[in-house]
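To start, the structure itself, in structure tokens.
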Amino acid sequence: KQKKFQKKKGEFQTVKQQQSDTKGVDATSFSTVMCSGLNFEATEEDLRTFFGDMCDDIEEISIPLYKDGPRNRGVAFVRFNSSQAMQAAIDELDGKELMGRYLDLRVSTAKKTTGDTSHFVKALSEKPEMCRTVGVFNLKWQTTEEQLAEHFQECGEVFAVRVVSKNGRPQGFGFVEFVAMGAVDKAIKLTGSSIGGRPIRVDYAQNLDS
């Protein structure tokens, strides 16, 4: 296993040495993993691929972004449905490689942020020509295509809906295609609304028949 180093205040420390700062933390009180060393181009979809089958236990992924562009800040927060699932992810994936970077996974003890959270909002993708489709992210695994269609019907007539699965496992995102192009701009405004009690993120996407 390749040793990882991170520069801090003019000195080099191994990740394991840095983790000693949280050695006395009662991990059973928390359920969020902080992923440090993230590739600046990594997306939520990349992280879901990285966690693989553990995605069944993931409730939310937050990737802070710089306000002046789409690059992330090199860190992500992954909230699991239990402290046991969180610890299993750390034990299995700490130090593993994602997009050429070795990730440092540790328990996040940070309290939920309040106030200005604009840096957590992912920049919109470039809108494709003749766009009639949006991608919908951070879905609960139980979300159905009927629920997606119902949630977005206020934006315009829905032409097609797809909830993405891999080997029968929902991947936490889907697509909604409208009849009229004007509906997508209304749909984008539903970012932050909830489906099944979970806030969603909406972005422009290629049409499903492309």
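Pairs are defined by a Cβ separation below 8 Å, a sequence spacing of at least 6 or placement on different chains, a first member in segment 140-156 that is aromatic (F, W, Y), and a second member that is in a loop (DSSP other than H, G, I, E, B); the pairs so defined are F152/L190. Counted as qualifying within segment 140-210 are the strands (runs of 3 or more DSSP E) with 1 or more residues that are among the hydroxyl-bearing types (S, T, Y), modelled with pLDDT of 85 or more and within 19 Å of the chain's Cα centre (by Cα), namely 158-166, 201-205. Scanning segment 37-54 for residues that are surrounded by fewer than 17 Cβ atoms within 10 Å (Cβ to Cβ) and not in a loop (DSSP other than H, G, I, E, B) yields E45, D46, T49, G52, D53.
Considering only segment 75-92, I want to know if a residue exists there that is outside any strand (DSSP E or B), more than 30 Å from Q153 (Cα to Cα), modelled with pLDDT under 95 and in contact with a Pro (Cβ under 6 Å, 6 or more places away or on another chain). No: segment 75-92 contains no residue that is outside any strand (DSSP E or B), more than 30 Å from Q153 (Cα to Cα), modelled with pLDDT under 95 and in contact with a Pro (Cβ under 6 Å, 6 or more places away or on another chain).
Name every residue in segment 55-74 that is assigned to a strand (DSSP E or B), closer than 11 Å to C35 by Cα and not polar (S, T, N, Q), in order of residue number. Full working, then the answer.
Narrowing segment 55-74 to residues assigned to a strand (DSSP E or B): 58-62, 65, 72.
If we keep only those that are closer than 11 Å to C35 by Cα as well, we get 61-62.
Of everything in segment 55-74, just one residue is assigned to a strand (DSSP E or B), closer than 11 Å to C35 by Cα and not polar (S, T, N, Q), namely I61.
The single condition among (1) more than 27 Å from E59 (Cβ to Cβ); (2) surrounded by 14 or more Cβ atoms within 10 Å (Cβ to Cβ) that D209 does not satisfy is (2).
State whether one or more residues within segment 13-36 are of a type in the set (S, T, N, Q), part of a helix (DSSP H, G or I) and at pLDDT 85 or above. I'd like the intermediate steps shown before the answer.
Within segment 13-36, the first condition is being of a type in the set (S, T, N, Q), and the residues that meet it are 13-14, 17-20, 22, 28-29, 31-32, 36.
Imposing the further condition that a residue be part of a helix (DSSP H, G or I) reduces the set to 17-20, 22, 28-29.
With the extra rule that they be at pLDDT 85 or above, the set shrinks to none.
No, there is no match, as no residue in segment 13-36 is of a type in the set (S, T, N, Q), part of a helix (DSSP H, G or I) and at pLDDT 85 or above.
The values are calculated or read from the model by the stated rules, or taken from the named source; none is laboratory data. All figures in this text were calculated on a predicted structure; none of them were measured in a lab. All Cβ positions, glycine included, derive from the backbone under ideal geometry; neighbour counts span all protein chains shown.
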